[in-house]
Every structure is written in structure tokens, then in C-alpha cells.
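The block underneath contains the structure these notes are about, expressed in C-alpha cells.
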Amino acid sequence: MIWLGALLIVQVVSFYTPCPSVPVSKLFLSSPRVLAECQWPPSRLGDFWGINPVLFRSSFPDPLECWPDYDDIRLLTSDEDVEVRLIKNLTPLLTPPDDPGPPTYNLEFGPFSPSYVTSTLSSSSPHPFSFILNDVDRFFPPLADWMKENFDCVPNWRRDDGQVSLSNTGGGIDLHVDDYDVFLIQTSGTRDWTVELDPIDVDEELKRSIPDLPLRVLSLPSNPATPSVTVTLKPGDMLYIPPRYPHKGVALSDRCMTLSVGFRAPSALDLLSDFVELKSEEASHPRFNDIGLPLSPSPGLITTSASERARSILRDSITEFLDDDIRWGEFFGKVVSKSKRMRFDYPKPLDETDKMVLGEWGDPESAVDAVLIHGRGMLVQAEGIVFAYDDDGKLFVNGEIFSPVPLSEASLICDSRCILPETLDSSETLKSLLLKLVSLGYLYGCDKV
């Protein structure tokens, strides 16, 4: 069996290829099953986006102050506004590979009491664990700034959130697939990532899904020759994984933290669900009738002509909607700009209490005038809120649509997190829009940092 082990080592090494001088896209086209190593930022995102996993070594070599640290994440696990889970690996992922056994997990949902968090983090339990927190950028404005600055090459409406996983040694989730693009940035500690270099479809995922687990976990591929690679991420390293590529991460140290910046795209089902919701709000709908249809020869028979008429009603309703460029554009903008996370009372519209606590920044009129008229402070996009616009200047914010403004103003509001006084003019149209956005909490005013 020694020759087999040597062959496997050669296979893995051959899959891990430093980025050559040729464009990444040519590398992938000629050798589609490799893990390229490249520099960040890339010259062209399209060279690898959605094509293959890519490793970026030392992309962010120094610990950045904008990244939440261990204590920040520890405190967030007890925050009632945070979406947090605790995953305990009852079968450690560091089990010898010749006898891994079936994975088993315990899944708990937070928020967790500070005493429980402290106990878990300080425990010498043989069961590795991971705290997984979503929407972390919402609670750390510097992290939201950093994500905007470093991943601005991807449209705002594709961005999901900044997720952080905090693990002890051996913590992680076994093989699984995601339906979105993700950048995995190691912020502290070290973590091994194993990535299969062939994407799988939903049918293959269902075949490989391990039943009776609280997580969506896959068994090993049936074909032992399926190419895969394992890389170790150190602080500052980053790994890009496109949708549908099976992967698993295992912490190699305590206090291991990985920041995941995810980018989602709507599925056909997502769009259909929102279409049905939209249609349900309309006052009237075409309804089936059997005028002119031949009588059924049997009371129990659904005739082909009746079935076809019903099909036509549905087809015509959908086609009419899809062929209306204005309605479709507004629908799509609202769908892709709404929150992709479960949030309650966020962001909150400003009220009288905010005026008392925040002064001029707690009053929409005063806040907008301070920036627009008096040139003080700035207006900032609320963390985790999507701002987008279309070719007609319509704004889409958090699933809502706002009246069109000149494209230059739409770009100004949506493309930068911070709106500075020197970039604004004092048109009434712009002021009216800014007032609405500040009143709803989508923008907030503050002093310049």
C-alpha cells in the first residue's frame, strides 16, 4: 500500500499550483481541476469568479484593527440581536483518517449566557466546538468599511454578510456545500481546509448527505479518485470557494477565528416565491373559466382542453409580467436588495428619543442639513443594508424602492459607505431622498472619524 500512499501524495501536490504569469482564466481552462495560488487583489475578478477555488497567501499580513478579536466575538455570543449557533463535534474531525467513523454533532442556538460561553471556551472537553456568528459586520462598522473597501469588485446586491467562526482545536464542520460564493479569511489561529476540486449538483448532494444530523453534511465521494486538496490557512491568508464545491474546515489551534464574506444570488425558487407574494397583493387575478370548452364525457375526467386553458392563464400572467421591463426591473431590484439575514427591528427609524440622545444626528432634518448645507460630518450607510440603483436612477434599499434621482446622485448614495459634504449638491430632490433614508434608519449622520 506504500505505492498507493505515494500516488495520493503526488495527486494532491499536483492539484496545488502557484499562480503562473498567464491569466488565471487560461490556467483554469487548460487545467480545470487545480487550486491556483494568487495575489490579492486580483487584476480581474472574472478570471476565477465562479470557476474554481483560489488561494490567496498573506493577503492581509498584519492583524487588522477593523477585524473583531476574540473578546469581541465572545461578547457577541450573548447579544440577543446576534444570530449565533454553537456546533459541538461529538466525533472529532481530527480522528485518524483510516477510521473516521460517522460524524455526529450537537447544534445549539443562541444567544448564550455569558457564564455558559465562558465555561465552553475554557472547557477541556474532548468535543471540539465552533461558535458561528452571522451578520457580524452589522455590529462592527470598521469591519463593514473593510468589507466594502476590499470586496467592492462584487455588486452590493450580491453581498450577504460577514460571518465569524470561533473554534477550539478540532472544531469545524465536515464536508458540505454552499450555494453562494465565499471568501474565507483567517484572522487568528490556523485552520485546515479540504476542498474537492469538482463541484457537485443537488442530486449528488442528496446522494451523499448523511441522514439524521442537525447539519447538512456529506459523506466522502464514492469515487476515490475525486480530486481534492488540503491547505492550511494562517492569519492573513484567504481562500475563495465558488458555489457547490464540497469543503470542510478544521481548526488546528484554540482561539481559531475565520471570517467568511459571503455573496448570494437568488435561485429561481426565490424569484418565484417573491413573484407569488407580489401577485397576491394585487386586487384581481385572471381566473379559470370553461366558456367554450367541450363538455367532459365523464364527471371524473380532467380534460386536456381544461388543463391547457389553466396552463395558458398561468403562462400569460407570468409572461405579461416578465415582458414589462419597468415592473420586472422594480421587482428584481426590491428582491435582491432586501436583507438576506433574519433581523428584527433593524434598522430602526429615528424617533423623538433619538433626538434627545443623539442631538442633531438624531433628527433627520438637522442631520441632513448639517451635511448638505453646513458641510459638517457625514452620512453613512447603515451596516448590513444593501444600497443599489438601476439605469433609470431608481434606488433600491433594504427591499424598498425610492423615486429616481440623477444617476450621479444614485451612484454617490449607493457606491460609497460614507457620503461626505464635498461630494453633495443641495438640490431639493436629493435632500428629500436623504431625509427619507435617514428617517428610516438606512443612513445615519455622524461626525467625521
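The values are calculated or read from the model by the stated rules, or taken from the named source; none is laboratory data. As the structure is a prediction and not an experimental result, all values here were calculated from the model. Glycine also receives a Cβ, built like all others from the backbone with ideal geometry; neighbour counts cover every protein chain displayed. For the accessible areas, the whole protein counts, side chains as well, though only heavy atoms, and no ligand, DNA or RNA atoms are used. Shrake-Rupley method; radii C 1.70, N 1.55, O 1.52, S 1.80 Å.
Miscellaneous remarks
- Which numbered condition THR353 fails, given (1) surrounded by fewer than 17 Cβ atoms within 10 Å (Cβ to Cβ); (2) in contact (Cβ under 8 Å) with a residue 40 or more places away in the chain; (3) not basic (Lys, Arg): (2)
- Matching option when the condition is within 24 Å of PHE48 (Cα to Cα) and outside any strand (DSSP E or B), among PRO199, PRO211, PRO224: PRO199
- When ASP325 is tested against (1) touching a residue at least 12 places away in the same chain (Cβ under 8 Å); (2) within 21 Å of TYR389 (Cα to Cα), exactly one condition is not met: (1).
- Filter pass, ASP99 being of a type in the set (D, E, K, R), in a loop (DSSP other than H, G, I, E, B), at pLDDT below 95 and over 17 Å from PRO114 (Cβ atoms): yes
- Evaluation of GLY359 against (1) surrounded by fewer than 16 Cβ atoms within 10 Å (Cβ to Cβ); (2) within 25 Å of the chain's Cα centre (by Cα) (one fails), failing number: (2)
- Residue match in the stretch 368-385 (condition: within 22 Å of PRO142 (Cβ to Cβ) and assigned to a helix (DSSP H, G or I)): yes
- Scope the stretch 260-301; condition under 45 Å from the mean Cα position of the chain (by Cα), in a loop (DSSP other than H, G, I, E, B) and of a type in the set (Val, Ile, Thr); matching residues: none
- Cβ-Cβ distances below 9 Å connect the following pairs, each with a first residue in the stretch 101-117 that is open to solvent by 40 Å² or more (accessible area, probe 1.4 Å), a second residue that is outside any loop (DSSP other than H, G, I, E, B) and among the β-branched types (Val, Ile, Thr), and a separation of six or more residues or different chains: ASN106/ILE87; LEU107/ILE87; GLU108/ILE87; PHE109/VAL84; PRO111/VAL84.
- Residues that are more than 19 Å from GLU149 (Cβ to Cβ) and buried (at least 18 other Cβ atoms within 10 Å of the Cβ) were ranked within the stretch 39-50; the one that is modelled with the highest pLDDT is PHE48.
- When restricted to residues that are in contact (Cβ under 8 Å) with a residue 24 or more places away in the chain and part of a loop (DSSP other than H, G, I, E, B), the stretch 328-350 contains 12.
- Hey, SER439 over 17 Å from ARG376 (Cα atoms), open to solvent by 10 Å² or more (accessible area, probe 1.4 Å) and under 24 Å from the mean Cα position of the chain (by Cα) or not: no
- Note on the stretch 413-434: residues that are open to solvent by 40 Å² or more (accessible area, probe 1.4 Å) and modelled with pLDDT of 90 or more amount to 5.
- Residues in the stretch 378-410 that are more than 20 Å from PHE331 (Cα to Cα) and either polar (S, T, N, Q) or open to solvent by less than 40 Å² (accessible area, probe 1.4 Å) (or both): MET378, LEU379, VAL380, GLN381, ALA382, GLU383, GLY384, SER408, GLU409.
- Residues in the stretch 146-174 that are open to solvent by less than 10 Å² (accessible area, probe 1.4 Å) and in a strand (DSSP E or B): ASP161, GLY162, VAL164, LEU166, SER167, GLY172.
Conditions tested, residue by residue: (1) touching a Gly at 6+ places or on another chain (Cβ under 6 Å); (2) open to solvent by 60 Å² or more (accessible area, probe 1.4 Å); (3) within 30 Å of PHE60 (Cα to Cα); (4) in contact (Cβ under 8 Å) with a residue 24 or more places away in the chain.
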residue	(1), (2), (3), (4)
PRO224	no, yes, no, no
PRO227	no, no, yes, yes
VAL231	no, no, yes, yes
LEU239	no, no, yes, yes
SER267	no, no, no, yes
VAL276	no, yes, no, no
ASP290	no, yes, no, no
SER305	no, no, no, no
GLU320	no, yes, no, no
